[in-house]
1. In whole percent, what relative contact order does region 27-116 give with Cα contacts below 8 Å and a gap of six or more residues?
2. Under a point spin-label approximation (7 Å from Cα along Cα-to-Cβ), what is the N48-F96 distance to one decimal in nm?
3. Counting Lys +1, Arg +1, Asp -1, Glu -1, what net charge surrounds A34 among other residues with beta carbon under 14 Å of its beta carbon?
4. How much net charge surrounds D106 when only other residues with a Cβ under 12 Å from its Cβ are counted (Lys, Arg +1; Asp, Glu -1)?
5. Looking at region 27-116, send over the antiparallel percent of its DSSP beta bridges, to the nearest 5.
6. Please report the net charge: other residues with Cβ closer than 12 Å to the Cβ of D55, K and R +1, D and E -1.
7. Does region 55-117 come out rounded, prolate or oblate, given a ≥ b ≥ c as the square roots of the eigenvalues of its C-alpha gyration tensor, rounded meaning a/c under 1.5 and, failing that, prolate meaning a/b above b/c?
8. Take the Cβ-Cβ distance between N66 and L109 as r, set R0 to 22 Å, and report the resulting FRET efficiency rounded to the nearest 0.05.
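Bear in mind these aren't lab numbers, they're just calculated from the coordinates by the rules spelled out. Predicted model only: the values in this text are computed from it and were never measured. Here the Cβ positions follow ideal geometry from the backbone for every residue, glycine too, while neighbour counts run over all protein chains shown.
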Amino acid sequence: MKLLTLRLFKTITAIAVCLFASNSVANCLVNEKAHFPTQHGKLSYWQNLIKNSDDTALAMFWDKGNCYISKGPHKGGTPPPTGDGATLHITVEDSFRTCHVFNQQDAELKTLTTCRP
């Protein structure tokens, strides 16, 4: 009985450690020069927008911690075709592409995102 209890304890502990570790990885690294002025939302706000990106691949990269915010909130460029015309966005790089994550959501509350290889 003690051996079974010990094995069960070790299994539960291992699962808890794996879950904790995987949750702590989920976010994008940030360039030290990427500024997040309070009027455009804190870093955590933008991390959440990346997490909920309509670009499934970018959202998966965010979940694995395999993305990099190279530029904080700024305006310019081409707005997403289904958006409201505003151009405020951050620039995020995953392993293969550069993406613009906009401060806009679609009807399904996914963040509008454009990516280029």
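1. Numbers: 173 pairs, mean separation 25.4, N = 90.
After rounding, I find 28 percent.
2. Reported label-point gap for N48 and F96 is 3.0 nm.
3. Working: positive: K33, K42, K71; negative: E32, E93.
Net of charged neighbours comes to +1.
4. Details: positive: K110; negative: D54, D55, D84, E108.
With Lys, Arg at +1 and Asp, Glu at -1, the neighbours total -3.
5. Values: 14 of 17 bridges.
In region 27-116, approximately 80 percent of DSSP beta bridges are antiparallel ones.
6. Working: positive: K51, R97, K110, R116; negative: D54, D94, D106.
Here the count lands on +1.
7. Numbers: a/c = 1.96, a/b = 1.35, b/c = 1.45.
Oblate, because a/c is 1.5 or more while a/b does not exceed b/c.
8. Details: r = 24 Å, r/R0 = 1.07.
My answer for the efficiency is 0.40.
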